[in-house]
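Written below as structure tokens is the structure these notes are about.
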Amino acid sequence: MERLRLPRLAYNWISTAGAIIASVTALMIIFLLILNIVARMTNPYLGIFIYMVLPPILIVGLLLIPLGMWRQWGRVRRGEEAADLKWPFIDLNKRSHRNAFIIFVIGTTAFIIVGTVVSYQAYHFTESVQFCGTTCHSVMHPEYIAYQNSPHARVACTECHVGSGAGWYTKSKLSGMYQVYAVLANVYPRPIPTPVRNLRPAQETCEQCHWPRQFFGAQQRQFNHYLYDETNTHWPINMLIKTGGGDPKTGQVSGIHWHMNIGFRVEYIARDERRQDIPWVRVTDRMTGRVTVYQDQANPLTEEEITKATPRTMDCMDCHNRPSHIYHAPDYSIDLALLTGHIEQGIPEIKKVAVESMAKEYHSEDSAVSSIANAITSYYRLNYADSYDSIRVAVDDAVVATREAYSQNIFPRMKVNWSEYPNNIGHFYSVGCMRCHLGNHKSDSGVTITHKCNACHTILSQRSDQMAQVSTTPEGLEFKHPVDISEAWKETGCYECHSGTQP
């Protein structure tokens with residue numbers, strides 16, 4: 001049987017090296033693909049190796065084969081090797097040519113099939129939550145943890161950050177090139193700045209699932225607070241949140257979703273990059289075309305500043321700015337642990353002690369874990385020595401719950417916490433709604449953007465003790481502050497006192 005031969009030009013060290021590299025890499029890809037499918041392995045680094053590292057090596061190996069043949073042909077033409085100086089040709093009557101042609105066709109077909117599968121898998125892998133959240137583990141760790149505990153935990157990252165279509169996919173990958181460089185060069189900011197620049201419009205992402213035109217009426221929600229007293233008094237506030245919305249063709253648009261450019265277009269100019277200081281608002285009635293401009297009377301923009309600025313049209317992200325990456329304040333986190341029973345309400349002063357231990361500044365998560373445990377247990381051993389044995393188990397459970405709350409909301413390495421990423425929904429720990437609804441924004445005609453509490457919500461009931469109140473009228477109850485501060489709560493925003501770490 002005649003030995004398998006290839007064209008003479010293929011016998012050179014460059015082509016040989018290319019063939020070896022391509023063959024070994026192809027075998028590795030096939031083996032790892034089978035391993036990944038059969039063993040159902042979910043390690044993100046295995047995916048990076050299969051879909052992003054090995055394919056370029058395979059392509060380089062394949063390119064070395066014709067490169068070596070071309071270099072060999074150049075040597076022949078220069079007379080360095082005795083050979084016919086004619087251009088290479090394919091003669092299928094020659095066994096060597098026929099073998100090379102068959103290998104080329106089979107190899108090219110196999111490469112196209114494998115390349116197509118790998119490319120398709122690579123596309124989906126780079127779109128996966130696993131890739132977004134765990135590839136750059138130290139950088140995206142806070143976002144990934146918060147995402148897993150968010151209302152959108154079952155929605156893929158790319159559904160919001162990229163959306164459908166090749167255009168925004170390409171833009172996201174191009175912008176991702178700098179992000180890869182920033183991580184490799186360790187020049188990325190800590191924390192990651194927000195809002196995200198050049199984010200796809202909310203109408204093309206959020207409103208694929210949430211359509212303000214189809215929202216009507218109100219939603220009932222209970223806010224559960226626990227006081228910083230010895231008994232951790234439960235202080236719930238049950239409200240109707242006037243979500244509103246609606247289609248102007250079928251009725252008047254109302255409620256909070258009035259802002260969503262349905263019957264009116266709302267535009268604003270922010271003084272800062274984080275959009276927390278909004279001194280200028282413009283509202284356009286889509287039906288009549290009437291335009292009303294409101295300025296913050298305490299600190300208005302100058303005409304020059306208005307001329308230079310580009311107003312932003314309000315959309316979902318201006319209020320729902322933390323839809324998936326929510327970092328809760330210690331006050332909220334401990335309230336939630338008390339409500340769900342992870343911390344026993346019967347432990348005296350536990351709300352105050354747990355919040356204080358969680359809110360302290362730590363240099364690392366490891367130091368936080370040990371310091372939180374020491375702070376809580378030491379407090380009860382010192383101040384409740386007589387009853388400590390009876391509450392020891394409950395205190396230990398409280399330590400575990402406080403640690404868990406810390407690990408899900410505060411990340412020292414990336415300098416991430418609730419104050420770095422304020423949530424614009426509400427106005428308790430951050431300015432939120434009060435950016436425009438503090439009562440300072442007036443038009444030239446003297447109309448003020450409303451500051452009334454019942455414009456957005458109605459209190460149905462509040463308090464849980466013998467002084468509990470329940471509304472008997474559609475107007476609801478007037479807010480009752482747990483601590484007697486007279487009428488001060490009407491004149492200031494909640495966020496001015498409530499930092500998330502204290503009563």
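Observations on the model:
- Between PHE31 and ARG78, residue separation times 0.36 nm minus the direct Cα-Cα distance comes to 12.6 nm.
- Residues whose amide H lies under 5 Å from that of HIS457, counting only those 5 or more places away or on a different chain, are LYS242; hydrogens are built 1.01 Å from N in the peptide plane.
- Cα shape, the range 358-461, gyration tensor, a/c 1.5 rule: prolate
- Percent of Cα pairs exceeding the 29 Å cut-off, where the set is the chain: 66 percent
- For the range 143-234, the set of trypsin sites (Lys or Arg not before Pro) satisfying both a DSSP loop assignment and a count of at most 12 other C-beta atoms within 10 Å is given as ARG154, ARG197.
- Across the range 60-66, computed HN-Hα scalar couplings (Karplus, 6.51 cos²θ - 1.76 cosθ + 1.60, θ = phi - 60°) run 4, x, 5, 5, 5, 5, x Hz from first to last residue, x flagging Gly and Pro.
- Extension gain, LYS94 back to VAL155 (0.36 nm per residue minus Cα-Cα distance, nm): 16.1 nm
- Near GLN469, once Lys and Arg are set to +1 and Asp and Glu to -1 for all other residues with Cβ below 11 Å from its Cβ, the sum equals 0.
- Part-to-part distance (alpha-carbon centres) for the range 208-252 and the range 430-503, which is given in Å: 14 Å
- Cut-off under 5 Å, modelled amide H: who pairs with SER254 long-range: GLY245
- For TYR294, the residues whose modelled amide H falls within less than 5 Å of its own, excluding neighbours fewer than 5 places apart on the same chain, are VAL281, ARG282, VAL283.
- Net charge of the neighbourhood of TYR327, taken over other residues with C-beta under 11 Å away and scored Lys/Arg +1, Asp/Glu -1, is -1.
- Extension gain from ILE113 to ILE306, taking 0.36 nm per residue of separation minus the Cα-Cα distance: 63.7 nm
- Furthest towards positive pole of dipole, LEU227, VAL155, ILE103, structure part the chain, Cβ charges: ILE103
- What the phi angles of the range 370-375 give under the Karplus curve with 6.51, -1.76 and 1.60, with θ = phi - 60°, is a coupling list of 6, 5, 4, 4, 5, 5 Hz, glycine and proline written as x.
- Candidate cross-link partners of LYS308 among the lysines, defined by an alpha-carbon separation under 23 Å and a same-chain spacing of 8 or more, comprise LYS442.
- Model label zone, ASN198; criterion: amide N under 11 Å from point 7 Å along Cα-to-beta-carbon; scope the range 261-297: none
- Local electrostatic count at ASN149 - Lys and Arg +1, Asp and Glu -1, tallied over other residues with Cβ under 13 Å: 0
- By the count of neighbouring beta-carbon atoms within 10 Å, fewest first, TYR429, TYR362 end up ordered TYR362, TYR429.
- Two-site label geometry, ASP444 and ALA185: point separation in nm, points 7 Å out along Cα→Cβ: 4.9 nm
- For the range 452-484, trypsin sites (Lys or Arg not before Pro) are listed when DSSP marks them as loop and at most 10 other Cβ atoms sit within 10 Å of their Cβ; the list is LYS452.
- Convex hull volume of the Cα atoms of the range 330-414, normalised per residue: 77 Å³.
- For the range 382-393, 3J(HN,Hα) computed residue by residue from phi via the Karplus equation (6.51, -1.76, 1.60; θ = phi - 60°) reads 7, 8, 10, 4, 5, 10, 4, 4, 6, 10, 4, 5 Hz, glycine and proline entered as x.
- Kirkwood Rh, Cα atoms: Rg over Rh of the range 130-199: 0.95
- Ranking ILE326, THR313, GLY341 by how far each Cα lies toward the positive end of the dipole of the range 283-395 (charges on Cβ) leaves GLY341 at the top.
- Cα-projected label distance for LEU227 with SER138, points at 7 Å along beta-carbon direction, nm: 4.7 nm
- Cross-link partners of LYS351 among aspartates and glutamates (Cα-Cα below 19 Å; sequence separation of 8 or more within a chain): ASP229, GLU230, ASP331, ASP335, GLU361, ASP396, ASP397, GLU404, ASP465
- Helical mean residue ellipticity (222 nm; -39500 (n - 2.57) per DSSP H run of 4+; nearest 500) of the chain: -13000 deg cm²/dmol
- Cross-linked pairs LYS352/LYS490; LYS242/LYS452; LYS242/LYS490; LYS452/LYS480; LYS352/LYS480: Cα-Cα separations exceed 23 Å for LYS352/LYS490.
Where a number appears in this text, it was derived from the coordinates with a stated rule and is not lab data. Owing to the predicted nature of the structure, the values given are computational and were not obtained by experimental measurement. Because the Cβ atoms are built from the backbone with ideal geometry, glycine has one as well, and the counts that use them run over all protein chains shown.
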